[in-house]
1. Only one of (1) at pLDDT 70 or above; (2) of a type in the set (A, V, I, L, M, F, W, C); (3) assigned to a loop (DSSP other than H, G, I, E, B) fails for residue 43. Which number is that?
2. Just to verify a result, which residue in segment 308-326, among those that are of a type in the set (A, V, I, L, M) and within 12 Å of residue 212 (Cβ to Cβ), is surrounded by the most Cβ atoms within 10 Å (Cβ to Cβ)?
3. Tell me which residues, restricted to segment 331-345, are farther than 18 Å from residue 209 by Cβ, assigned to a helix (DSSP H, G or I) and touching a helix residue (DSSP H, G or I) at 6+ places or on another chain (Cβ under 9 Å).
4. Within segment 372-397, track down each residue that is of a type in the set (Phe, Trp, Tyr) and free of Cβ contacts under 8 Å to residues at least 40 places away in the same chain.
5. Yes or no: residue 71 closer than 19 Å to residue 50 by Cβ and surrounded by 16 or more Cβ atoms within 10 Å (Cβ to Cβ)?
6. Looking at (1) small (Gly, Ala, Ser); (2) closer than 20 Å to residue 222 by Cβ; (3) crowded, with 19+ Cβ neighbours inside 10 Å, which one does residue 261 not meet, given that it meets all the others?
7. Any residue in segment 303-325 that is among the basic types (Lys, Arg), assigned to a helix (DSSP H, G or I) and either at positive phi or in the same structural domain as residue 382 (by TED's automatic domain parsing) (or both)?
8. What do you reckon, is residue 246 modelled with pLDDT of 80 or more, more than 20 Å from residue 357 (Cβ to Cβ) and surrounded by 21 or more Cβ atoms within 10 Å (Cβ to Cβ)?
Amino acid sequence: MIRIFDIVSKDLLQLLRDRKTFLFLLIMPIAFTSLFGFAFGGFGGSSEPRLPVGFLDLDNSQVSHLLHDQLAGSDVIYLKEGLFQNPTALAAQVADEKLAAAIIIPRGYGHRLLLNKPKKLTLLADTNTTVGMSVESETLSAVLRLQSALNAAVIMEQLAGDRAPFDYSLSEALSRWKQPPIRVTETTSSAIHEETGGAATLAHTSPGMMLQFAIAGLLTTAQVLVGERKSRALARLLTTATARVHILLGHYLANFTLIISQFILLIVFGQFILGVGYLRSPAGTALVALSAAACVAALGLLIGVMARSDEQAIIFSLIPMFILAGLGGAWVPLEVTSPLFQSIGHATPLAWALDGFKNITIRGLGITSTFKPALILLGYAVLFFTLAAWRFRRMEV
């Protein structure tokens, strides 16, 4: 056991003297997590921006003013007024994509609407696009609300006369639209914490970059074994009472210690700086982190015994990083890909590690949800370590 710990301490001291270790294991994951989070809206607000819509009232009637008020209270669009003198100028702004759409109320619109013979509005928009359809739907809703309120006010005045004046009935009918008799309310189980779009983005990006750069950091650990062979230190070590299994375990534990230390630092950064909910289930997060570190450390050991030169160490470290990160969902969540791609992705250990972390941070599940990912990661760890031991026994030193 003493020989194993001597190898562990030697590897750690050698790695910590190398600036590349600090760069790959800590600075790069933080930088890329921040970059990807910013690019995909992780640091932005969660509310969707309203669409700018030009508004031109050629009718200038009480009814057109009421329609303006209905549109002005929308959560989907906001009106831009006073900048346009004619329909031609509005059309140019829409064509140049400075406006999402434009609404023009024609002359006589209010009078025709009172007679229940509405005159068509002019909507300048590409209704084949999502933006155009959104503006069209919002405008139609406002028109229908106003028309139904006008019809109700006319009927009430005809039936009740002075007891239900038109203006009063119209105001009451419009106010009722703000409190509809039927309302859809979305509720979420108390076991699941609601995430904004930005928080969900960071909850995916943070563990994805952490795992990707843990694999990238294997470059430095692989070069330790390559350096031992090139300097003949490994050959001299084998002439002592140190067994090959002690050497393997020493290098493995050094890799594991380095990676789990990186995970702890990045989890703390994600929890307290980025607001990612790693500590919703501390035991679950710890289980996934430990099993992922065991898997990545075993992969690093396999790369180290396979590489015969520094160049091979670089290739054998970077290629798995890109393949596992791309297929495993570190860059793009597997949930938005096809079922076939998801199946292929889950042939990689990185996908299972991400599932374990996201079960805690996004889905709000407990430690039991991490048992399957952790078990699969440990299975990969055993596989990689076994292959490394087989290769090491047959390796020429």
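1. That leaves (1) as the condition not met.
2. Across segment 308-326, the extreme among qualifying residues is 324.
3. 341, 342, 344
4. The answer is 390, and nothing else.
5. Yes, satisfied.
6. Among (1) small (Gly, Ala, Ser); (2) closer than 20 Å to residue 222 by Cβ; (3) crowded, with 19+ Cβ neighbours inside 10 Å, residue 261 violates only (3).
7. no
8. Judged against the criteria, residue 246 is not a match.
The values are calculated or read from the model by the stated rules, or taken from the named source; none is laboratory data. As the structure is a prediction and not an experimental result, all values here were calculated from the model. Here Cβ is always computed from backbone atoms with ideal geometry, including for glycine, and neighbour counts include all displayed protein chains.
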